[in-house]
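Let me begin by presenting the structure, written as structure tokens, before commenting on it.
Please treat every number below as a calculation from the coordinates, not as lab data. Computed from a predicted structure; not experimentally measured. Positions of Cβ are backbone-derived with ideal geometry, glycine not excepted, and every protein chain shown enters the neighbour counts.
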Amino acid sequence: MAADVVDWDLALKTGSRLAPSGPDLDLQDARLVVDQLRVLAVRAEVPVRECTGLVTPTSAPPAVVVDRHAWIESNINSFRYILDPILEKARANSTAGLVPEIGSRITGVQLGSVLAWMSGKVLGQYEALVPPGDAPRLMLVAPNIVKVAAELEVDQRDFQMWVALHEETHRVQFNAVPWLSGYFASEVRSIVVGVDMPASEILRRGRELIGAMIRVVRGTDSASSVLKVLQSPSQREAFDRITAMMTLLEGHADVVMDEVGPQVVPSVELIRERFTVRRTQPGAIDSVIRRVLGMDEKLRQYSEGALFVRGVTDKIGMAGFNRVWESPTTLPTLEEIANPAAWIRRIDG
């Protein structure tokens, strides 16, 4: 049987080996950070619920605090789940030896290297893309939160609470809206299932496809950069829907963070000012990598999504905005993200 397109074990080993080290904390201080993040994540739920009007079921799992290795492992599992349809198609139609082991290993190293870099940047993530039977969860990446707070020279507890507000909003979004996780996963998988090319072409272009899916699944790029890999009209439409949804979710979380922040984070203005500078002005190396991965698209999602949310709530309030969660058909399109009044006219008349 031919080797897989990705050596998943090597991807995990590579990512864990290349992930940044630090911050330098002794065991007791590290445990205190983990305990505090768990407490703050729980405390964030009430103000987020009061601001959004969204209520999560009591059965929804709480946030978990993880290290970079656990974050990498989680994302590799998500990639395996999302990419399985196309990889299974390639396996079923391939001949023995079509994918040399070295090719599989190269792609594994590529994926692991990208996730290693990202593992040093991500403060939190909601695991929406998980196999059936696995419970999605909110992950708070403790070492990154501590490291960024120190770099910004802001209060550690205030920064942790500020991050918890944003990430808790994502947990509330997916748990208070029962169809959202399934819709997101089905849209992403529909893109993969719709790939129509010979098995040999899939395997030869495996590295390119993995790179494209890294950006899309993580919400860091739009359809334009992957059309050279995936060309059908239905796939382009799915990419647009995913991009619009991710823009909405990120913008909504940013708005909630700004609305709730002054109530529960004493130094919120200083944190927001310094974090915004950090977000928009990375170092030289980070700038290159960010362009390669399409991360600038991610930054636009925050600002464009926030403008949409504020544009709607200013006109019809948060209760009116919450009609966005009624069904997939009430989600804004990319065109409506840029024109909140158009969404209001379509939904609210």
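Modelled this way, with points 7 Å down the Cα-to-C-beta line, the labels at Thr333 and Thr276 are 3.2 nm from one another.
When peptides 52-63, 155-166, 140-151, 172-183 are ranked by their average number of other Cβ atoms within 10 Å per residue, the highest-first order is 155-166, 140-151, 172-183, 52-63. The ranking of Leu27, Leu83 by Cβ neighbour count inside 10 Å, starting from the fewest, reads Leu27, Leu83.
Segment Asp155..Arg17, full-extension length gain: 46.7 nm, with 0.36 nm per residue of separation and the alpha-carbon distance subtracted.
Just to confirm a number: summing +1 for Lys and Arg and -1 for Asp and Glu over residues other than Leu54 whose beta-carbon lies under 15 angstrom from that of Leu54, what do you get? Within the 15 Å Cβ shell, the charges total -3.
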